[in-house]
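A short worksheet on the structure shown next.
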Amino acid sequence: MTQHWDFLIDRADLARVEVRPLPEPDSTVLADGEVLLDVERFALTANNITYGVYGDRLGYWRFFPEDDTWGRIPVWGFATVRRSTVETIPVGTRLFGYLPMASHWVTRLERRPWGVVDVSPHRAELPAAYNALVEAASGPLDDQIALLRPLFLTAFLLDDYFAENADFGAQTFILSSASSKTALGLGWLLARRGVRVIGLTSARNAAFVEGVGCYSEARTYEALADRPIEGQVVFVDFAGAPEVVAAVHHTLGDRLVHSAVVGSTHQTDGPVGPGRLPGPRPTFFFAPDRLKLRSRDWGGEMLNSRIQTALEAFIAANGWLEVSTHAGPAALEGVYQMVLSGQARPEDGHMVTPG
């Protein structure tokens, strides 16, 4: 298998993939303003599958574009500048941020007062939060940060949104796909400020959800209505399974005061459309919009400090994550198909290196 490769995915059939060779990095001609990044490692989680599911609707295929058939699902990870035409971003600069699943990548970077930004023309209209890269020295928590920070960021922004809205008056939160890392982060943040949280999960993951310590109670999807749920409730849907959304809405009716749609770990066409359900209309929560708001309110430095402090506390309090590393495109395809099919264990953290 080639050492220099690019991992492409059929935009209409996420299970269909293709590994293509890339040219030798040192033979690549760079234009002014371009840098060549060696991808060091990246995380692969169900969150990345959500990028593919919502790729057209939310523009995720546009970050690393190919054509109308093939695309690149973005991942979060570390890369090092191998060659550069940008004086302020020299060779050896190590960055954390949005990357393609590839061994290396050419892009346009600029240094701004707050950090490094991808200024490729095709990304100008995309959410700015995804265009920023953070300089990062190597450290013992690199894998945990790559695996958890993007997911925990969404959880942090959700918790902040709910807190600002006084939890919509709810006494209880219900989180679907409770074993997912974003749900675990939100469950932990809510519990930390005294909110009662019920984690909905599959029978296969019930024991994990019960034992992880982020939830007041765990229920399987089939057991949602087995016991009463008192008071007003907020539902946060990380699964994207219409039958789960419908079950929660029909079970709670008018006692459901807010219904947020965040992810699509169950690989369906998304939540049940508006007008078909009792209770509030499901509302899509788009984390970059909230991030933009808080960046303006707090300033980038304070925002990043708050997120990092909360993330480090979450990592310290939760020892369930088991990191495994997969080297090369063949191993990547295997773990990608496993995550896509929903077969990955919730405690697994999958990191990929180019080879």
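Taking the criterion of being part of a helix (DSSP H, G or I) and open to solvent by less than 10 Å² (accessible area, probe 1.4 Å), the residues of segment 237-251 that qualify are Val245, Val248, His249.
Take Thr28 and tell me if it is surrounded by 15 or more Cβ atoms within 10 Å (Cβ to Cβ), closer than 22 Å to Gly97 by Cα and of a type in the set (Ser, Thr, Tyr). Against the criterion (surrounded by 15 or more Cβ atoms within 10 Å (Cβ to Cβ), closer than 22 Å to Gly97 by Cα and of a type in the set (Ser, Thr, Tyr)), Thr28 does not qualify.
Pairs are defined by a Cβ separation below 6 Å, a sequence spacing of at least 6 or placement on different chains, a first member in segment 291-320 that is in contact (Cβ under 8 Å) with a residue 40 or more places away in the chain, and a second member that is assigned to a helix (DSSP H, G or I) and small (Gly, Ala, Ser); the pairs so defined are Leu291/Ala129. Within 21 Å of His249 (Cα to Cα), open to solvent by 10 Å² or more (accessible area, probe 1.4 Å) and not in a helix (DSSP H, G or I) - does that describe any residue in segment 156-170? The answer is yes; a qualifying residue exists. Remark: pairs (first residue in segment 202-216, closer than 22 Å to Arg192 by Cβ; second residue open to solvent by 80 Å² or more (accessible area, probe 1.4 Å) and basic (Lys, Arg); Cβ separation under 6 Å; 6+ apart in sequence or on different chains) = Ser216/Arg196. For segment 104-124, filtered to residues that are open to solvent by 30 Å² or more (accessible area, probe 1.4 Å) and free of Cβ contacts under 8 Å to residues at least 40 places away in the same chain, the residue that is nearest to the chain's Cα centre (by Cα) is Ala124. Quick check: is even one residue across segment 187-202 in contact with a strand residue (DSSP E or B) (Cβ under 6 Å, 6 or more places away or on another chain), over 21 Å from Leu151 (Cβ atoms), open to solvent by 30 Å² or more (accessible area, probe 1.4 Å) and of a type in the set (Gly, Ala, Ser)? Looking for residues that are in contact with a strand residue (DSSP E or B) (Cβ under 6 Å, 6 or more places away or on another chain), over 21 Å from Leu151 (Cβ atoms), open to solvent by 30 Å² or more (accessible area, probe 1.4 Å) and of a type in the set (Gly, Ala, Ser), one finds none in segment 187-202, hence no.
So if I check each of Arg227, Arg204, which one is among the basic types (Lys, Arg), modelled with pLDDT under 95 and part of a helix (DSSP H, G or I)? Testing whether each residue is among the basic types (Lys, Arg), modelled with pLDDT under 95 and part of a helix (DSSP H, G or I) leaves just Arg204. Scan segment 334-346 for residues that are closer than 19 Å to Arg41 by Cα, in contact (Cβ under 8 Å) with a residue 60 or more places away in the chain and surrounded by fewer than 16 Cβ atoms within 10 Å (Cβ to Cβ) and the total you get is 1. One residue is enough: does segment 46-58 have a residue meeting the conditions under 30 Å from Thr182 (Cβ atoms) and open to solvent by 60 Å² or more (accessible area, probe 1.4 Å)? Yes - at least one qualifying residue is present in segment 46-58. With respect to Ala128, is the statement that it is open to solvent by 40 Å² or more (accessible area, probe 1.4 Å), closer than 21 Å to Pro74 by Cα and over 20 Å from the mean Cα position of the chain (by Cα) true? It is false that Ala128 is open to solvent by 40 Å² or more (accessible area, probe 1.4 Å), closer than 21 Å to Pro74 by Cα and over 20 Å from the mean Cα position of the chain (by Cα).
Which pairs turn up if I take residues in segment 86-98 that are open to solvent by 50 Å² or more (accessible area, probe 1.4 Å) and look for partners that are β-branched (Val, Ile, Thr) with beta carbon separation below 6 Å, at least 6 apart in sequence or on another chain? Every condition considered, the pairs that remain are Val91/Val81. Among residues of segment 177-201 being in a loop (DSSP other than H, G, I, E, B) and touching a residue at least 40 places away in the same chain (Cβ under 8 Å), the one that is nearest to the chain's Cα centre (by Cα) is Ser180. Before we move on, is Val212 open to solvent by 10 Å² or more (accessible area, probe 1.4 Å), within 21 Å of the chain's Cα centre (by Cα) and not aromatic (Phe, Trp, Tyr)? Taking the combined requirement at face value, the residue satisfies it. If you go through segment 62-74 and keep only what is open to solvent by 10 Å² or more (accessible area, probe 1.4 Å) and among the hydrophobic types (A, V, I, L, M, F, W, C), you end up with just Trp70.
Of the residues Leu109, Leu99, the single one that is closer than 19 Å to Pro354 by Cα and at pLDDT 95 or above is Leu99. Taking the criterion of being surrounded by 12 or more Cβ atoms within 10 Å (Cβ to Cβ) and either in contact with a Phe, Trp or Tyr (Cβ under 6 Å, 6 or more places away or on another chain) or farther than 18 Å from Val335 by Cα (or both), the residues of segment 6-19 that qualify are Leu8, Arg11, Val19.
The values are calculated or read from the model by the stated rules, or taken from the named source; none is laboratory data. Please read these numbers as outputs of a predicted model, since none were measured by experiment. Backbone-built Cβ (ideal geometry, glycine too); neighbour counts: all protein chains shown. Keep in mind that these areas ignore ligands, DNA and RNA; they rest on the heavy atoms of the full protein, side chains included. Shrake-Rupley method; radii C 1.70, N 1.55, O 1.52, S 1.80 Å.
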